[in-house]
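Scroll down for the structure; my scribbles are underneath it.
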Protein chains: 4
Amino acid sequence: MSHNTFGHLFRVTTWGESHGPALGCVVDGCPPGLRFKLEDLQVWLDKRKPGQSRFVTQRREDDLVKVLSGVMLDADGETMTSTGTPISMLIENTDQRSKDYGEIARQYRPGHADFTYDLKYGIRDYRGGGRSSARETAARVAAGGIARLVVPGVTVRGALVQIGKHKIDRRNWDWDQVGQNPFFSPDAAIVPVWEEYLDGIRKAGSSIGAVVEVVAEGVPAGLGAPIYAKLDQDIASLLMSINAVKGVEIGNGFAAAETSGEDNADEMRMGNDGTPIFLSNNAGGILGGISTGQPVVARFAVKPTSSILTERQSIDADGKNVDVRTKGRHDPCVGIRAVPIGEAMVACAIADHYLRDRGQTGRLK
Amino acid sequence: MSHNTFGHLFRVTTWGESHGPALGCVVDGCPPGLRFKLEDLQVWLDKRKPGQSRFVTQRREDDLVKVLSGVMLDADGETMTSTGTPISMLIENTDQRSKDYGEIARQYRPGHADFTYDLKYGIRDYRGGGRSSARETAARVAAGGIARLVVPGVTVRGALVQIGKHKIDRRNWDWDQVGQNPFFSPDAAIVPVWEEYLDGIRKAGSSIGAVVEVVAEGVPAGLGAPIYAKLDQDIASLLMSINAVKGVEIGNGFAAAETSGEDNADEMRMGNDGTPIFLSNNAGGILGGISTGQPVVARFAVKPTSSILTERQSIDADGKNVDVRTKGRHDPCVGIRAVPIGEAMVACAIADHYLRDRGQTGRLK
Amino acid sequence: MSHNTFGHLFRVTTWGESHGPALGCVVDGCPPGLRFKLEDLQVWLDKRKPGQSRFVTQRREDDLVKVLSGVMLDADGETMTSTGTPISMLIENTDQRSKDYGEIARQYRPGHADFTYDLKYGIRDYRGGGRSSARETAARVAAGGIARLVVPGVTVRGALVQIGKHKIDRRNWDWDQVGQNPFFSPDAAIVPVWEEYLDGIRKAGSSIGAVVEVVAEGVPAGLGAPIYAKLDQDIASLLMSINAVKGVEIGNGFAAAETSGEDNADEMRMGNDGTPIFLSNNAGGILGGISTGQPVVARFAVKPTSSILTERQSIDADGKNVDVRTKGRHDPCVGIRAVPIGEAMVACAIADHYLRDRGQTGRLK
Amino acid sequence: MSHNTFGHLFRVTTWGESHGPALGCVVDGCPPGLRFKLEDLQVWLDKRKPGQSRFVTQRREDDLVKVLSGVMLDADGETMTSTGTPISMLIENTDQRSKDYGEIARQYRPGHADFTYDLKYGIRDYRGGGRSSARETAARVAAGGIARLVVPGVTVRGALVQIGKHKIDRRNWDWDQVGQNPFFSPDAAIVPVWEEYLDGIRKAGSSIGAVVEVVAEGVPAGLGAPIYAKLDQDIASLLMSINAVKGVEIGNGFAAAETSGEDNADEMRMGNDGTPIFLSNNAGGILGGISTGQPVVARFAVKPTSSILTERQSIDADGKNVDVRTKGRHDPCVGIRAVPIGEAMVACAIADHYLRDRGQTGRLK
C-alpha cells in the first residue's frame, strides 16, 4: 500500500527519495489566473532548507524549485500565470554523501521507520532514509507556496513554542521575532535558553522533541464540512503525516479536557460593523468542522529524531541483535524545520476546502 | 461542501439527523464470508447508547441496529454471512422530545456548531443538533462492529483516562475494570473521585472535558503507508472527526516533545521464538506510518459540551445579542460516551489498511 | 473488492439486493436549499418500475421512495428543503417470490454474473440475482431525481432508439411521443413494429438487445475537466456501470470513425445575441472533456438479458456440465427500462461537475 | 475543476503541456520488487512516438523516458527494482516549433478543445494545444509500461481495425502483422488499401477517424467489482479519457443490441483439466463487471483530428466570426497512434483491479 496524494480538489502528489536525482510534486486543481514568480515559492523553501544554523542538519541543499508545467510565462520571463492544469515542480538533490549512511543499510535504528519499511516492502532505499527522509517535505513546502495563493487574503504563519521542557512565554509572542532567530521562536527571551540547551544536545549527539504552532489568519468563515472532511480533521490528518509528528491539537486542544463548559465557550457579540465578534478562541477558529472566521490555530508535537550517536539496542535485517549508533549529519531538533512544513500543510488544507466551497472555475464565476 | 464517507477500501458512509426518523450507515468493501449475529454488533451500540447512568444524557434510545443488505441469513434465522456487497444498517430514532430544543432554533450556543452551520448552509436542522448531534456516532459504532470482524485476532479497547484535571493512576490499569463502572475507567480507585466530581458538574448544569485512550492489540505488523495515508494519520483523522474532539496523540504523543532521542527510542531484541521484541512502546505501535506489531495506542481530548445551564453571551440568527442557556437533557461529560466511538474509529482505520494490504477477494485468495 | 459509490462532490452510494427487505442510496454533497416534494422523485421511479407493460418483467413493485434524512419538512408536511447533509433514501422490496429462482442457486446462467460473482466472492445471493439484479437501479433513479434539482435549468431526457435491428427513423423524433408508448420511443411509427417484434421474442422466452439515447439540454458551458474526469468520460463510466450495457457513445460516436475532419467539425458563428452558435453537434455537446453549451448527447447499447427459456450449455458450482434454462419473470428487452436509468446517470454526472465548478456553499455565495 | 489522476490503488497522475520543458507522470501504488530496465518502458514509448511514418505527425520527439524516483538501481547500473514508493517519470519536449501554431492563439478550431478551454479557464496554453495536446499521452504510455509489470502473465495488445469506412477482415487477424506495418494493422491485406486511402487524406490536408481494438490476455478471473468500479466501467472511463475518443465498446458492444439472448450467451463447459471453458466471448471477458478469465476485449472510436487545412467557419476569442485553417504538422489519422495509448489504459485498469484484489504488500504476503 502506497498513497502519495492528499486533498480532494486541491490535490498534491509528492514523489522522491533522499538520495535520488530529484524530488518533487504535482499540484492539481489549482485555479487558473494565479500570478506569481518563482521567488514567491522559493521563499518558503529557503525557510525550510537545511544547513542554515548549527541547530539543524548540516546537509547542504540549495533546494531550488523549478516549475515544469501548468503556467504561462509573461514576456518578462519571470511572472507566471497558472492555467488550471497541473503544476509540476521539481527540486534536485545535490548533496547526497551516501557513505555516511552506508553502514545502516541492514541495521534498524530504534524508533525509525527502517524496521517497518523493510518489514512491509521487503526492500528499502536506506540511503539517507530514502522515502522516509524529511527531504520529502521540501515538495510539500513548494505545494504550500501555491496553496497560499489560492485563498485571497489568507496568512499562514508558524512558530516553535516548545523545545524539550522549555516553553515560550506566550505573553512575549511577537511574530516579527520569528524570522530573527534560528528557531522560529516568537519569544525573543527564550532564544538564549534554547541555544544553550540545544548546544548541549548537539554536542552529546543526542536529540530532543519540540512543539510547533501554526496560525492561519484571514480564513473565510464557512470552510469545512460537518461530519467527515472537517477542516480540523483534514488539518490534523496532514500535520500527523509529517515525519516524526506524534500529536496534534486544534485551539486549546488537550487543555479542553480540563476546562468547564462555561470557560471553554467562546462567547460572541455583534460588532459595530454588523459582523460577529468572538470574545475568545478556545475553538481554534473551527466549530463543528467549519471555520468561524477567527484565526485557525493548530499545534503539533515532533518527537526527537531517532538518529543519535548513543548506542541503542536493536536488531538487523538478518534478525541478529545489534547495537546501533548513527553517525553522519542529523538534526538535534527536527522540530525546528517542521515549522514551514506545518505552515504548508495548513495552507493546503485551507486551499482544498476553499475550492470545495467556491468551485474551481475561472471565467464562469 | 458535504462529505460523509471515510475509508479507502473499507468505506463507511453515515447519514441521519438527531430528530429524523432514523440514522444509519452503509459499510462498503467488507470482505465476503464474515459470519456474525446481530448481537455481535448490538453489544457495541449498547455500550454507547444514552441513558445508562446519571453521568450521561437522559435521552432514551434503544439504538437497535438493523441490517438491510449485504448478508445472507443462515437457516437459524440469526447467523449472517457477509456477501461482499454493501452492508446497510439502520437505527431508528425513538425518543426525540423536540420541545426541549425549540427555543434555540435561532440562538447560537457559544462553542457549538450552530453558528457555523447556519453560516455555511443558510439552513440548519436545529432539532437536537440535527446532523451535528452525537447521535450520528451510533452509526459509526455499528460500522466499527463490522470492522472488528475484518481483521482476524485484533482487539480494540478504549478507556477513559482523565476527567477534568483528575487523571487515572496508570499503575492501576485493569481492563476488566472498564466494564464495571459508568466511566469506562480502567482504574477502580478513581471511580469514586470521578463520581463525586461529576455529580457536582451535573447539578450545576455545567460540563467538563475528558481524555480517552484506545488500544488495539493484535494489529498485524506492516499495515499503513509511508508518507500519506499513514496508519497514525488515518487514526488521527477519524478521531478528530468525532464531535468535540480537539486533540489527538499517538504513543507518547505530546510527551515526545519533552523526551530525548535516547529515551524515546523503542529498543529491540530478537525474541527466543525468532520474532522481534520491543522493549518499550513510545511509538504507539506505529513507525513511519506503518504498524510494528506492538499495540497501537491513541488518545484524544474531548472538550466539554457547549450545552450548559449557565447563561453565556452570544448572538442569534438575526444578528442580535442574546444570552443563551441550554435547557433539556445533556451530557455533563460527553467524553464518557466517546470511548466506544473512539474504539470504532480505530477499528475502521485498521480494517481499511488491512484490506489495502491483503486485498478484498474471497475465493481467489 | 467492492465499491458502491460514484461521484466526486455529488456522491451517490447505493446498497441492497433483489430479495432483501429494501434497497436504497445515500446522496451526499447535495447543496442546501433545494425544495421538492416526494412526488418529484417518485415520478422517475414510476417511469422505471417493473410491470408496466407486457414487454418488461412482470414483477410487481410499487417502488415507493422514502426520504430518511437530509431535509427539513415544511409546515405543509410535504415540501422538503435540503439542508446540505446526506439524503438517505429507501425503497422496500415487496414482491420477491423467491421460489422462481431457487433452482438456479448453483447453476451459472451463460452470459450472467452468476459465474464471476461466485468465483470472486465464494458466496452469492442467488435470489433474483442478488446485488446484480437490475433492482439496484431503482436507487440510482432516486439519486438522479435529486441530481436534476441541483443544476438550474437542465433537462435530461432519454429515448429508446433501437431494438434488435429495428432502428427509429430520426426524422420522426418527437419527445412528446416518448411518454405515449411502452418503449419510450420518440418515433410513433416504429411502435407497432416493435410491439409485434417483441411479442414474438416474449412468447419464445427469448430476449433482445437495444440502444438508448440520452439528451441533456440546458447544460451550462464549461463543465468538465481537460484530461481525466472529463464530462464525457464520467458519463461513459456511469452508463457502462448499468447492468448489461456493452457500449457507450458520445455525440456521433462510432460514426466519427468514418467521418472526415471537414464533416466532423462543428462549425461556429456568433449569434445576434452575442453568444456562439454551433452549426452542428457531432461532438455531442462536449469538446476536450468540457461542455460547450450544446445539448449533451450520449447513447448506450444494452445486451439481451441472459435469463431465457431456451436451454444453454453451462456449468454449475460443483464444476458439472449442465443445461440451463431460466424460468420465472424476466424482461424480453431490458433496454426499455434502461431509459430512465440512463437519464439518472447523465443527470448525476452533470450535477457532480456543476458542483466542482460552482462549489457547494449555501449562504456564502 | 482539474483532475489529473486516475486509479484507486494503482494511481497515475500526469502533468505537462505540449510546449513546456517536459511532461511526465507519477505512478503511485506500484508494488515493491518489480524488476525492469529503462528499455522495458521505452519500447512502448517508441511505439507511440511521432514521426515514424508519413501517416502521423511529423513532429520529431525522441520521447526518452527518465525514472526519477521509486526504484533502486542494481550494480549493473541498468536494472531497476521498484521499492513501493511513487515512480516519477519525465519526458522532455525537444521539438516544439512554436511558430507553426502562433496564429491560432485566439482562433477556435471547430471541433477542438480551444473554445471550451478558453471558456472554462479564461486562459489557455495555445502552443501546440497545450494540455489538450496528444503529447500528454506519452506519460500514459510510460505508466502503462509499469502497469504491465504489475500483473504476472498478462499481455495487452492493440490493433487498428478500421480507418474511415475501411475495416479489416477479421479472418486475416495475425498479431505478428501488427508490428510490420505503419498502421498497427493485424490484417496484412488491408495495408495497401489504407496506404492509398490515407495518402489521399494527407495530401488533401484532411483527416479521418479510426477504430482501435485492445485485447488483454492472461487477465486473472475475478478482477473487478459488481456495481460501480466494474472492470469494464473503468476501462471505458480510461479509454474515453483519451483525446478524440467518442465511443467505447466491450466485447461485441453495440452489436449486442442486435443479438438475441440465445446467440449472445457465452456457453460454458468444463474442460478436461477441470477449468471452465467458454465457447464464445461476446462478453469480452467481463461478466457483471468481473473478469471471467477469457481475453478482455475493448474497442474505441477515434474522431478525425480537427486540425485540417480546409477552412472552416468559427469564432475567435474576441467573439468575431473567422474562417480557420490549421497549418503546421498534424496527424491525418490520430487513431493510429492511439493504439499504444489504448493498450496503456487497459493495462492500468487491470493493474488497479489486480491490486484491489490481491493487496499491495511485499514481504507480508
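The values are calculated or read from the model by the stated rules, or taken from the named source; none is laboratory data. No experiment lies behind these values; they were computed from the predicted model shown. Every residue, glycine among them, receives a Cβ derived from its backbone with ideal geometry; neighbour counts consider all protein chains shown. With ligands, DNA and RNA removed, areas are computed over all heavy atoms of the protein, side chains included. Shrake-Rupley method; radii C 1.70, N 1.55, O 1.52, S 1.80 Å.
Among the residues of region C:72-88, count how many are more than 7 Å from every other protein chain (Cβ to nearest Cβ) and crowded, with 24+ Cβ neighbours inside 10 Å.
2
With respect to residue B:203, determine if the residue is closer than 19 Å to residue B:246 by Cβ and free of Cβ contacts under 8 Å to residues at least 24 places away in the same chain. For residue B:203, the condition - closer than 19 Å to residue B:246 by Cβ and free of Cβ contacts under 8 Å to residues at least 24 places away in the same chain - is not met.
Considering (1) at the interface with chain D (Cβ under 8 Å from one of its Cβ atoms); (2) surrounded by fewer than 24 Cβ atoms within 10 Å (Cβ to Cβ); (3) in contact (Cβ under 8 Å) with a residue 40 or more places away in the chain, the lone condition that residue C:247 does not fulfil carries the number (2). Residues of region C:204-260 that are among the acidic types (Asp, Glu) and either under 20 Å from residue C:147 (Cα atoms) or in contact with a His (Cβ under 6 Å, 6 or more places away or on another chain) (or both): C:213, C:217, C:232, C:234.
Closer than 26 Å to residue C:116 by Cβ and open to solvent by 10 Å² or more (accessible area, probe 1.4 Å): is that true of residue B:35 in this structure? The answer is yes for residue B:35. Only one entry of D:339, D:334, D:297, D:346 meets the criterion of being closer than 30 Å to residue D:207 by Cα, modelled with pLDDT of 90 or more and in a loop (DSSP other than H, G, I, E, B), and that entry is D:334. Those helices (runs of 4 or more DSSP H) of region C:105-218 in which 2 or more residues are facing another protein chain (nearest Cβ under 10 Å) occupy C:114-121, C:136-150. Is it true that some residue in region D:259-278 is of a type in the set (D, E, K, R) and under 18 Å from the mean Cα position of the chain (by Cα)? No, every residue in region D:259-278 fails to be of a type in the set (D, E, K, R) and under 18 Å from the mean Cα position of the chain (by Cα).
Restricting attention to region D:256-286, which residues are open to solvent by 50 Å² or more (accessible area, probe 1.4 Å), more than 8 Å from chain C (Cβ to nearest Cβ) and either at pLDDT 95 or above or outside any loop (DSSP other than H, G, I, E, B) (or both)? Scanning region D:256-286 gives D:263, D:277. Residues in region C:226-244 that are facing another protein chain (nearest Cβ under 7 Å) and within 13 Å of the chain's Cα centre (by Cα): C:236, C:237, C:240, C:241.
Taken over region B:38-58, residues that are touching a residue at least 12 places away in the same chain (Cβ under 8 Å) and open to solvent by 20 Å² or more (accessible area, probe 1.4 Å) amount to 12.
Checking each residue in region D:6-16 for being touching a Lys or Arg at 6+ places or on another chain (Cβ under 7 Å) and open to solvent by 10 Å² or more (accessible area, probe 1.4 Å) picks out only D:8.
Among the residues making up region B:21-32, those that are open to solvent by less than 10 Å² (accessible area, probe 1.4 Å) and within 15 Å of residue B:139 (Cα to Cα) are B:22, B:23, B:24, B:25, B:26, B:27, B:28.
The single condition among (1) farther than 23 Å from residue D:242 by Cβ; (2) open to solvent by 40 Å² or more (accessible area, probe 1.4 Å) that residue D:68 does not satisfy is (2). Within region B:194-218, the set of residues being farther than 30 Å from residue B:353 by Cβ, among the aliphatic types (A, V, I, L, M) and surrounded by 24 or more Cβ atoms within 10 Å (Cβ to Cβ) comprises B:198, B:208. The lone criterion from (1) touching a Ser or Thr at 6+ places or on another chain (Cβ under 7 Å); (2) under 27 Å from residue A:195 (Cα atoms); (3) at pLDDT below 85 left unmet by residue A:104 is number (2).
Residues in region B:146-193 that are surrounded by 14 or more Cβ atoms within 10 Å (Cβ to Cβ), among the small types (Gly, Ala, Ser) and within 30 Å of residue B:24 (Cα to Cα): B:147, B:158, B:159, B:185. The residues of region D:287-297 that are more than 7 Å from every other protein chain (Cβ to nearest Cβ) and of a type in the set (A, V, I, L, M, F, W, C), listed by number, are D:296, D:297.
With the condition kept exactly as written, say whether any residue in region C:228-242 is open to solvent by 30 Å² or more (accessible area, probe 1.4 Å), in a loop (DSSP other than H, G, I, E, B) and in contact (Cβ under 8 Å) with a residue 60 or more places away in the chain. So far as region C:228-242 goes, no, none of its residues is open to solvent by 30 Å² or more (accessible area, probe 1.4 Å), in a loop (DSSP other than H, G, I, E, B) and in contact (Cβ under 8 Å) with a residue 60 or more places away in the chain.
Does residue D:221 satisfy being open to solvent by 20 Å² or more (accessible area, probe 1.4 Å), under 30 Å from residue B:10 (Cβ atoms) and at the interface with chain C (Cβ under 7 Å from one of its Cβ atoms)? Criteria met by residue D:221. Taken over region A:308-317, the criterion of being open to solvent by 10 Å² or more (accessible area, probe 1.4 Å) and in a loop (DSSP other than H, G, I, E, B) is satisfied by A:309, A:310, A:311, A:317. Give the residues of region B:318-336 that are surrounded by fewer than 24 Cβ atoms within 10 Å (Cβ to Cβ) and away from every other protein chain (no Cβ under 11 Å), sorted by residue number. If the condition is that a residue be surrounded by fewer than 24 Cβ atoms within 10 Å (Cβ to Cβ) and away from every other protein chain (no Cβ under 11 Å), then B:327, B:328, B:329 are the ones that fit. Inspection of region D:14-23 identifies at least one residue that is within 10 Å of another protein chain (Cβ to nearest Cβ), of a type in the set (S, T, N, Q) and under 22 Å from the mean Cα position of the chain (by Cα). Scanning region C:146-189 for residues that are out of contact with any strand residue (DSSP E or B) (no Cβ under 8 Å at 6 or more places or on another chain) and at positive phi yields a single hit, C:153.
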